[in-house]
Structure formats: C-alpha cells, structure tokens
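Notes follow once the structure below has been shown.
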Amino acid sequence: MVKVLFVCLGNICRSPLAEGVLKKLVKEKGLEDEIEVDSCGTSKYHIGEQPDERTIANAKSNGIELNHKARQFEKGDFRKFTYLITMDEANKNCIERIDETKEFTDKMMLMRFFDETDKNADVPDPYFGGADGFQKVYDIIDRSVNNLLDWLIKKHDLEVKA
Ligand code: 4NP
C-alpha cells in the first residue's frame, strides 16, 4: 500500500483539497486497494473542523466532494506514510524540524515538485484572500496531483484497472 499524506498549515484549505482530488482520481482508476490518502496541518488552529466553506464550495464546483476533519500532523505520520507532501516551503521546514534525526527526509516532497508550470513553488495560501484565490489553488493542485498520480503509478508499478 502506498500511503500519501498532504500537509498544509490549517488543514482546512489546501491539503484537504489535494486529498479530495487524489481520492477521486484513485477511485476512477480503480486504485483504492493500492493508494491510501490523508491530509493534516502543521498547526492546531482548526483541529476537528470541516474544510473552509470556500474550499468546500470551490471543490464542489469542480466536481470534488470533501470528507475530512482537520487534524494536526503527528510524529507517527513519518512512519505511517510513504510520502509526506507539503503545500509550501514553510510546511516542509516545519515537519523537517520535527524529524530531529533526519530519518525521513526522503519521504518529504513539495506539492509543486509535480507542477512543471512553476516547479517547487509554494501552493499559495488562499485563507486570507478572495474567491479567485481558491480557483487558482484548485488549478495548481489539480495539475500537481494528476502528475503525482502518474509518478506513483510508474514508480510503484501500479496496475490501473479503469
Ligand atoms: P491551509 O490554509 O493551510 O491551506 O488550510 C490556512 C487556513 C487557516 C489558517 C492559515 C492557513 N489560519 O491561520 O487559521
């Protein structure tokens, strides 16, 4: 089982959206027994909350249903997940600091490592911005997650059933 954890700051905008997009693609390709997906935040600001209502509305308008309650990143996630995919450099630095022994460096990647349009740039935080920011984030995440899934299929030699 390949286990993917998306990480952002609040776990109410970017990472639950990435989780929803990847889960939909995994289902469409019949890979539910091969790929598990979750998301979390580095902060405790929104623990237990549903995604931001603007994220839910934007996701819905793009055909994505979100079913997630915010949780904070925990140390055990390093062992539990195959890949820890952070939305921006600050999230990555944060979990790198938690990995005191530098044991899990190879599992950590930036979401936009998979975006040729602006490779390794941050996925911008839409929380304090306007509605157009949410569609911009959706477009970035949709592009990146599609490329991530192609990469996972090749790397782990997964059999696409649909
Ligand atoms: P996210 O966005 O990290 O994409 O979930 C944010 C949500 C909430 C806050 C910051 C970013 N906040 O400061 O409460």
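Every number in this text was worked out from the coordinates using simple rules, so none of it is lab data. Since we're looking at a predicted model, the values are computed, not measured. Don't worry about glycine lacking a Cβ; one is built from the backbone with ideal geometry, like all the others, and counts go over all protein chains shown.
Details
- Three-way shape label, the stretch 59-162, alpha-carbon gyration tensor, a/c 1.5: oblate
- Selection from Val26, Val145, Met109, by position along the positive dipole direction of the stretch 2-155 (Cβ): Val26
- Net length available on complete extension from Lys80 to Asn120 is 12.0 nm, with 0.36 nm assigned per residue and the Cα-Cα distance removed.
- DSSP H segments from the chain that extend 27 Å or more along their own axis, Cα-based, with Kyte-Doolittle mean of -0.5 or above: 131-155
- Theoretical ellipticity at 222 nm over the chain - DSSP helices of four or more residues, -39500 (n - 2.57) apiece, nearest 500: -12000 deg cm²/dmol
- Cα-centre dipole for the chain with unit charges at Cβ (Lys and Arg positive, Asp and Glu negative), debye to 20: 200
- Net charge over other residues, Cβ less than 12 angstrom from the Cβ of Gly30 (K, R count +1; D, E count -1): -2
- Its relative contact order, with pairs defined as Cα atoms under 8 Å and 6+ residues apart, puts the stretch 2-155 at 27 percent.
- Sites listed here are chymotrypsin sites (Phe, Trp or Tyr not before Pro) in the stretch 67-162 whose DSSP assignment is loop and whose Cβ has at most 15 other Cβ atoms within 10 Å: Phe128.
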